[in-house]
2 protein chains.
Amino acid sequence: MSLPHAILTALLEKPSSGLELTRRFDKSIGFFWPATHQQIYRELGRLEASGHIRALQPSGPVRGQKKEYEVLSEGRAELARWTAEGDAPRAVREPLLLRLRAAAVVGTDGLAAELQRHLTLHRAQLDDYLEIERHDFPVEAADGENRLQHAVLRAGIGLEAFWVQWLAETIEALPSDRP
Amino acid sequence: MSLPHAILTALLEKPSSGLELTRRFDKSIGFFWPATHQQIYRELGRLEASGHIRALQPSGPVRGQKKEYEVLSEGRAELARWTAEGDAPRAVREPLLLRLRAAAVVGTDGLAAELQRHLTLHRAQLDDYLEIERHDFPVEAADGENRLQHAVLRAGIGLEAFWVQWLAETIEALPSDRP
DNA sequence: TTACCCATGTAATAAGTTACATGATTTG
DNA sequence: CAAATCATGTAACTTATTACATGGGTAA
């Protein structure tokens, strides 16, 4: 039940249409909770039906017409409630790790290339995050209003840095490297 | 499509019944791909139907009777195929990070306690992993047959260590800490 | 013999993915 | 006006979660 709350957060930061939300997800909240435009439209419909948000232009819902949404007080209350709520940390669910376990049984063919490919991807993502940090959280304005957003970005940076390091180590230690 | 391959890997390591698989998932493969017994039974049924595995006791499938499965050569081939296959790294999807973003908008009530709770959980998981490492991968037998399994465990250790550090930093920097 | 655990399963729901459909607006 | 793009949606399918059902064995 996280997607509706991710959407409420995004809409509180700035009222938007479905497609605008999709774009913003692709480069912000979606780093930690990806969603396609189909999911977002479906969820916007539900949030509107439950009175958490409303469309700004009350004109007839014509297909192909942009529809902006804003959060109502009920939506804000629901988001505050959810924010204080607790849950267990999410498990990892990374298929690459399963592939390593499988490779221990059926052989490591193709594994080195796959690890290398992931390393490249994670390095690129890490660079993206660091660029965002340089741009949005410059050192001279350290820790102002947006301490929380910065903490979230730091999590992304830390996770990518971990993967980069682990992949490099694991590639190094792979049997095929030592004939 | 990872669960069937996780099950094939587990069954190759050791033929098991559904409930035994569930138990083993809870303390091994399931760290990186959790599954409930319902998921596992369903998937075992599919794998049997598609000829990848077979039940050992061919007696009538009586409800409540233990049923052991083993992997057939088709299943091993399928697992090898999948292992060499590639896919994109999984996104993070951690609701706690969404809560931080939400808290930046609706307030940080309850957030510190939740971060503290996660810190405790991640510390415990890290300790569990380190204990497993001490037990299963002692330094004197460094890097033998099970280099790959060790790499997977190292990933778990690295991820938990990251969360412990990030949570400690973030709790420290939380506004409510400085009145 | 009741209660508990082992073991396998069904059903319903929610969430996520993939493919496709449709209208409006801009641009060559 | 044809093609591309913006924008909103439907439909079908797969995966994951939650709750419940059923039967067998064992021990208080």
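Brief remarks follow.
- Extension gain for B:Ser50 to B:Gln65 (0.36 nm times residue separation, less C-alpha to C-alpha distance): 3.2 nm.
- Label separation (B:Glu131 vs A:Gln39): 3.5 nm, computed from points 7 Å beyond Cα along the C-beta direction.
- Gaussian network model of chain B, Cα within-10 Å springs - most flexible of B:Asp87, B:Asp136, B:Asp109: B:Asp87
- Other-copy label distances relative to B:Asp136, 7 angstrom Cα-Cβ extension, nm: 3.7
- Rounded to two decimals, the Cα-based Rg/Rh of the protein assembly as shown, with Kirkwood Rh, is 1.01.
- Summarising the amide proton neighbourhood of B:Arg93: residues at separation of 5 or more, or on other chains, whose placed amide H is nearer than 5 Å comprise A:Trp33.
- Most positive-pole-ward Cα, B:Ser28, B:Ser2, B:Val164, against dipole of chain B from beta carbon charges: B:Ser2
- A cut-off under 14 angstrom between Cβ atoms defines the neighbours of A:Glu20, and their net charge, with Lys, Arg +1 and Asp, Glu -1, is +2.
- Other-copy label distances relative to B:Arg123, 7 angstrom Cα-Cβ extension, nm: 3.7
- The rotation axis bringing chain B onto chain A passes closest to the chain B residue reported with its distance as B:Phe162, 2, by C-beta distance in whole Å.
- Relative to the longest principal axis of the Cα atoms of chain B, the long axis of helix B:95-106 lies at roughly 30 degrees.
- The phi-based Karplus calculation (6.51 cos²θ - 1.76 cosθ + 1.60; θ = phi - 60°) puts the 3J(HN,Hα) values of segment B:19-36 at 5, 4, 4, 4, 4, 5, 4, 4, 10, 8, 4, x, 4, 10, 7, x, 8, 8 Hz, whole numbers, x for Gly and Pro.
- Within straight-line cross-link reach of B:Lys27, lysines at Cα separation under 28 Å, skipping those fewer than 8 residues along the same chain: B:Lys14, B:Lys66, B:Lys67
- Euclidean distance between Cα centres, segment B:1-80 to segment A:97-150, Å: 32
- Once the Cα-Cα distance is subtracted from the 0.36 nm per residue extended length, the A:Glu140 to A:Arg23 segment shows a gain of 39.2 nm.
- The radius of gyration of the Cα set in segment A:95-177, together with its Dmax, comes out at 16.8, 53 angstrom.
- Considering only B:Val152, B:Val164, B:Val139, the Gaussian network model of chain B with Cα springs below 10 Å gives its largest mean-square fluctuation to B:Val139.
- Residues considered: A:Thr108, A:Thr22, A:Thr36. Largest GNM mean-square fluctuation over chain A, using C-alpha springs under 10 Å, is found at A:Thr108.
- Sorted from nearest, the other copies put their A:Asp109 label points 6.0 nm away, the label point being 7 Å from Cα in the direction of Cβ.
- Using the 1.4 Å probe convention, the accessible area of segment B:95-177 works out to 47 Å² per residue with neighbouring protein chains retained.
- Ratio Rg/Rh, restricted to segment B:1-144 and using Cα atoms, in which Rh is the Kirkwood radius: 1.09
- When +1 charges are put on Lys and Arg Cβ atoms and -1 charges on Asp and Glu Cβ atoms, the dipole computed for segment A:85-172 relative to its Cα centre reaches about 420 debye.
- All-pairs Cα distance distribution in segment B:3-84, expressed in whole percent, bin size 10 Å: 19, 56, 24, 2
- Amide proton proximity set for B:Ser16, modelled H, under 5 Å, gap of 5+: B:Tyr69
- Fraction of accessible area attributable to carbon and sulfur, segment A:22-152 (%, probe 1.4 Å): 51
- Each label was represented as a point 7 Å from its Cα along the Cα-to-Cβ direction; for A:Leu72 and B:Arg81 these points are 5.2 nm apart.
- Surface accessible to a 1.4 Å probe, per residue, for the residues of segment A:3-84, Å²: 53
The values are calculated or read from the model by the stated rules, or taken from the named source; none is laboratory data. This is a predicted model, so every value here is computed, not measured. A quick note on method: Cβ atoms are made from the backbone with ideal geometry, for glycine too, and the neighbour counts reach across all protein chains shown. Just so you know, the surface numbers come from the protein's heavy atoms only, side chains and all, with ligands and any DNA or RNA stripped out. Shrake-Rupley method; radii C 1.70, N 1.55, O 1.52, S 1.80 Å.
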